[in-house]
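Following: one structure in structure tokens, then a few remarks.
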Amino acid sequence: MEKGMIKVSVLYPGGEGKNFDMNYYCNQHVALVGKLLGDSVKAATVEKGLGGGAPGSEATYVAMGNLYFESMDSFQNNFGPNAAEILGDLPNFTNIEPVVQISEVII
């Protein structure tokens, strides 16, 4: 990633009664987001939570998705018009309310 890029992180907290279909997320949802946002997405990663800081503890997040954009304008101009369709797909793979963080890449 390059300095100054925008990183949009979507984090899915774990916990009792929370479900997350990683297969659907990776094979269906990520493809949908890629199709809708196209070349505005400069890079993307998906992470699966394995554990917490203490040995044997549960991961805080069961999954994390990260999207990288050239600028805040690029993110807003491309995500905004597609937000309803992207967010509408969430019930197909999870019952978790995601936490979103937008960051600037520093190094």
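Read-outs throughout are calculated quantities, based only on the coordinates presented, and are distinct from any laboratory measurement. If you're wondering where the values come from, they're calculated on a predicted model, not measured in any experiment. Virtual Cβ from ideal backbone geometry, glycine too; neighbours counted across all protein chains shown.
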Karplus-derived 3J(HN,Hα) from phi for region 74-89 (6.51 cos²θ - 1.76 cosθ + 1.60, θ = phi - 60°), whole Hz, x at Gly and Pro, runs 4, 4, 5, 5, 9, 6, x, x, 10, 4, 4, 5, 5, 5, x, 7
Which whole-number percent is the relative contact order of the chain (Cα, under 8 Å, 6+ apart)? 52 percent
Quick one: which residues, 5 or more positions from residue 89 or on another chain, have an amide H under 5 Å from its amide H? H modelled 1.01 Å from N in the peptide plane, none for Pro or chain starts. none
Based only on other Cβ atoms within 10 Å, what is the fewest-to-most ordering of 12, 24? 24, 12
Highest-fluctuation residue, 31, 44, 54 considered, GNM on the chain with Cα pairs under 10 Å: 54
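Can you classify region 1-68 as rounded, prolate or oblate using the Cα gyration tensor, where a ≥ b ≥ c are the square roots of its eigenvalues, rounded means a/c under 1.5, and otherwise it's prolate if a/b beats b/c and oblate if not? Please report the intermediate quantities before stating the final value.
Values: a/c = 3.13, a/b = 1.55, b/c = 2.03.
Oblate.
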